[in-house]
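Read the structure below first, then the notes.
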Amino acid sequence: MDLRISDHDLAWKQRAKEFAEAHLFPQELELEFNGHLAPDVLARLRSAVTECGLNAINHRREHGGQGLTQLQQTLVNEEVGKATGALWAILWHPPLPLKDGTPEQIRDYLAPSCRGQRRAAFAITEPGAGSDPRLVAARADRRGGKFYLSGEKWFVTTGDYADYLLVHAHVDGDADRPTLFIVDKALPGVQIKRTPKFMHTYVFGHPEFIFENVELEERQILGSIGGGLELTKEWFVEARLQIAANCLGAAIRAAETANAWATERVQFGRAIRDFQAIEFMLADMAVEIMAAKSLVYRVAWEIDQGIDRKLVHARASAVKLYSSEMAGRVIDKALQILGGRGYMRENPVERLYRDIRVDRIWEGTSEIQRAIIGGQIKKRGLGPFTGWV
Ligand SMILES: Cc1cc2nc3c(=O)[nH]c(=O)nc-3n(C[C@H](O)[C@H](O)[C@H](O)COP(=O)(O)OP(=O)(O)OC[C@H]3O[C@@H](n4cnc5c(N)ncnc54)[C@H](O)[C@@H]3O)c2cc1C
C-alpha cells in the first residue's frame with residue numbers, strides 16, 4: 001500500500017494555500033464586519049481565481065475547467081476551506097450535471113461558467129420541501145411546446161450573485177417527473193422575494209425566489225424530463241465531498257490556532273497546554289482530524305480509481321457526515337482553549353464555529369446521511385463501510 005501523495009498533487013494543495021493566504025484571508029474581517037464585499041473586490045478576486053488557475057477545478061479542460069482529479073480537488077478545497085465567511089465560495093464550481101448538457105447548453109452555460117463569466121445557483125428547497133424532494137411544489141406546465149414554471153425556492157445559495165439557476169421542478173405537477181430547468185434570472189416572472197440573514201456570514205446570499213408563470217423553451221431542460229432527481233443526486237455527491245474537504249480545512253485552522261494559543265497563554269504560572277485538560281483536548285482534536293483526513297483522502301482516491309457509482313454515493317454520505325460532525329467537535333474544543341478570545345468575532349475560530357454549523361444541515365442533514373448509510377447497510381451489509389475498496 002502506497003499512501004504517498006504525488007508532488008504534482010501536492011503542488012495543487014500549495015497553490016490553493018498560497019491563494020487562500022494572499023486573497024481570501026485578507027478579506028475575512030471586511031466581510032465579517034460589513035456583511036459583504038464591494039463589487040470591485042469581488043471582481044478582483046474573480047480575476048485572481050482565473051490567474052491562479054483555480055477556476056472550475058471540477059470540470060474537464062475541454063469545457064474550460066481545470067480538469068482536476070477528485071484527490072486534487074479535495075486538496076484544493078481543504079486549503080480554501082480554512083477561510084472564514086465561506087470565502088471558499090469565491091472559487092466557482094459550476095454544477096457538475098451541466099457537463100451532460102446539450103452542445104448548446106455547454107456553449108452557452110457551462111463554458112462561460114468555467115471561465116467565470118456566468119454563475120449558476122442550484123434551487124431545490126422550498127417552504128414545504130426540504131429533506132424530501134418529492135414534496136417539491138414548483139411545477140412546469142407544458143402548453144403548446146413550451147413550459148410555464150411557477151413556484152417558490154428557498155435558501156438559493158449564491159442566488160443573488162448568479163445570473164442563472166438550475167431549478168428542480170415537477171413537469172405538470174407530477175412528482176414522478178422531476179426535472180431540472182436552466183432558468184436565466186433575467187426572464188420575466190423570476191423574482192427575488194427576500195434575502196434573509198443566517199447564522200454565518202457568507203460571502204454571497206441565500207435568497208428566496210418566486211417564479212410566476214416563467215416561459216421556458218424545451219432547450220432549457222437539463223437532461224431529460226423525469227431525470228432531474230438523478231442529476232440532483234450527482235450534484236449532492238459532489239457537494240458532499242466538497243463540504244467534507246472544506247470542513248477538514250476549517251478544523252485544521254481552528255486546531256492550529258488553539259495549539260499556538262495553548263503555548264502562548266500563561267495562567268497559574270505556566271502555559272495552559274501544561275494543564276492536562278487542555279493537552280487532552282488538543283490530543284482529541286488531532287486524532288479526530290487525522291481520522292477525517294484519512295477518510296476524505298481515501299474516498300477521493302477511490303473515486304479517481306473508478307469505484308462503482310453506488311459505492312461513491314454511499315461513501316460520499318459517510319465522508320460528509322463524519323467530516324462535518326468532526327469539525328463541529330474540533331472547533332468547539334478550539335474555542336474552549338481560546339477562552340473569551342475564542343468568543344470574539346475578530347477571532348477566526350469564532351467565525352469558523354458559526355460557519356461550519358450549516359455543514360450538518362445543507363446538502364442533506366446528518367440525519368439524512370445516516371438514513372442513506374443505514375439503507376446501504378440494509379441492502380449490502382456493512383461491507384461498503386467496513387471493507388476496503
Ligand atoms: C445556509 C443554507 C444554504 C442552503 N443552500 C441551498 C441551496 O443552494 N439550494 C437548495 O436547494 N437548498 C439549500 N439549502 C437547503 C438545505 O439543503 C435544507 O435546509 C436541508 O436539506 C434540510 O431541509 P429543511 O431545512 O427543509 O429541513 P427538514 O427536511 O424539514 O428537516 C427538519 C429536521 O427533520 C429531520 N428529518 C427530516 N427527514 C428525516 C428523516 N427521514 N429521518 C430523520 N430525520 C429527518 C432533519 O434531519 C432535520 O433535523 C440551504 C440551507 C441553508 C441553511
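Residue 300 meets the conditions (1) surrounded by fewer than 19 Cβ atoms within 10 Å (Cβ to Cβ); (2) more than 25 Å from residue 351 (Cβ to Cβ) in every case but one. The failed one is (1). Does residue 228 satisfy the condition of being within 16 Å of the ligand (Cβ to nearest atom), free of Cβ contacts under 8 Å to residues at least 60 places away in the same chain and out of contact with any helix residue (DSSP H, G or I) (no Cβ under 7 Å at 6 or more places or on another chain)? For residue 228, the condition - within 16 Å of the ligand (Cβ to nearest atom), free of Cβ contacts under 8 Å to residues at least 60 places away in the same chain and out of contact with any helix residue (DSSP H, G or I) (no Cβ under 7 Å at 6 or more places or on another chain) - is not met. Considering (1) within 16 Å of the ligand (Cβ to nearest atom); (2) buried (at least 22 other Cβ atoms within 10 Å of the Cβ); (3) hydrophobic (A, V, I, L, M, F, W, C), the lone condition that residue 137 does not fulfil carries the number (2). When restricted to residues that are under 22 Å from residue 361 (Cα atoms) and surrounded by fewer than 23 Cβ atoms within 10 Å (Cβ to Cβ), segment 166-185 contains 0. Could we say that residue 217 is charged (D, E, K, R), within 16 Å of the ligand (Cβ to nearest atom) and either closer than 21 Å to residue 110 by Cβ or modelled with pLDDT under 95 (or both) here? So residue 217 does not fit the description; no.
Could you list, in sequence order, all residues of segment 169-184 that are within 18 Å of residue 100 (Cα to Cα) and of a type in the set (Val, Ile, Thr)? Of everything in segment 169-184, those that are within 18 Å of residue 100 (Cα to Cα) and of a type in the set (Val, Ile, Thr) turn out to be 179, 182, 183. If you take the residues in segment 274-303 that are more than 18 Å from residue 242 (Cα to Cα) and in contact (Cβ under 8 Å) with a residue 24 or more places away in the chain, which one is farthest from the chain's Cα centre (by Cα)? The selected residue is 278. Pairing each residue of segment 348-367 that is closer than 16 Å to residue 329 by Cβ and aromatic (Phe, Trp, Tyr) with any residue that is near the ligand (Cβ under 10 Å from one of its atoms) and assigned to a loop (DSSP other than H, G, I, E, B), provided the two are 6+ apart or on different chains, yields no C-beta distance under 7 Å. Pairs are defined by a Cβ separation below 6 Å, a sequence spacing of at least 6 or placement on different chains, a first member in segment 135-159 that is in contact (Cβ under 8 Å) with a residue 12 or more places away in the chain and under 10 Å from residue 214 (Cα atoms), and a second member that is in a loop (DSSP other than H, G, I, E, B) and within 16 Å of the ligand (Cβ to nearest atom); the pairs so defined are 151/137; 151/138. Here residue 238 qualifies as surrounded by 15 or more Cβ atoms within 10 Å (Cβ to Cβ), of a type in the set (Asp, Glu) and within 20 Å of residue 100 (Cα to Cα).
The residues of segment 1-20 that are surrounded by 10 or more Cβ atoms within 10 Å (Cβ to Cβ) and not polar (S, T, N, Q), listed by number, are 5, 9, 10, 11, 12, 13, 15, 16, 17, 18, 19, 20.
Among the residues of segment 202-257, those that are of a type in the set (D, E, K, R), more than 20 Å from the chain's Cα centre (by Cα) and in a helix (DSSP H, G or I) comprise 218, 219, 256. Scanning segment 100-126 for residues being over 21 Å from residue 45 (Cβ atoms) and surrounded by fewer than 17 Cβ atoms within 10 Å (Cβ to Cβ) gives a total of 5. If you take the residues in segment 187-201 that are assigned to a strand (DSSP E or B) and more than 15 Å from the ligand (Cβ to nearest atom), which one is surrounded by the fewest Cβ atoms within 10 Å (Cβ to Cβ)? The selected residue is 191. The helices (runs of 4 or more DSSP H) found entirely in segment 344-389 include none that carry 2 or more residues being surrounded by fewer than 14 Cβ atoms within 10 Å (Cβ to Cβ), within 15 Å of the ligand (Cβ to nearest atom) and among the polar types (S, T, N, Q). Residues in segment 148-165 that are over 11 Å from residue 183 (Cβ atoms), out of contact with any Asp or Glu (no Cβ under 9 Å at 6 or more places or on another chain) and either not acidic (Asp, Glu) or not in a loop (DSSP other than H, G, I, E, B) (or both): 157, 158, 161.
The values are calculated or read from the model by the stated rules, or taken from the named source; none is laboratory data. Predicted, not measured: the structure shown is a model, and the values here were computed from it. Counting neighbours? That spans all protein chains shown, and the Cβs are built from the backbone with ideal geometry, glycine included.
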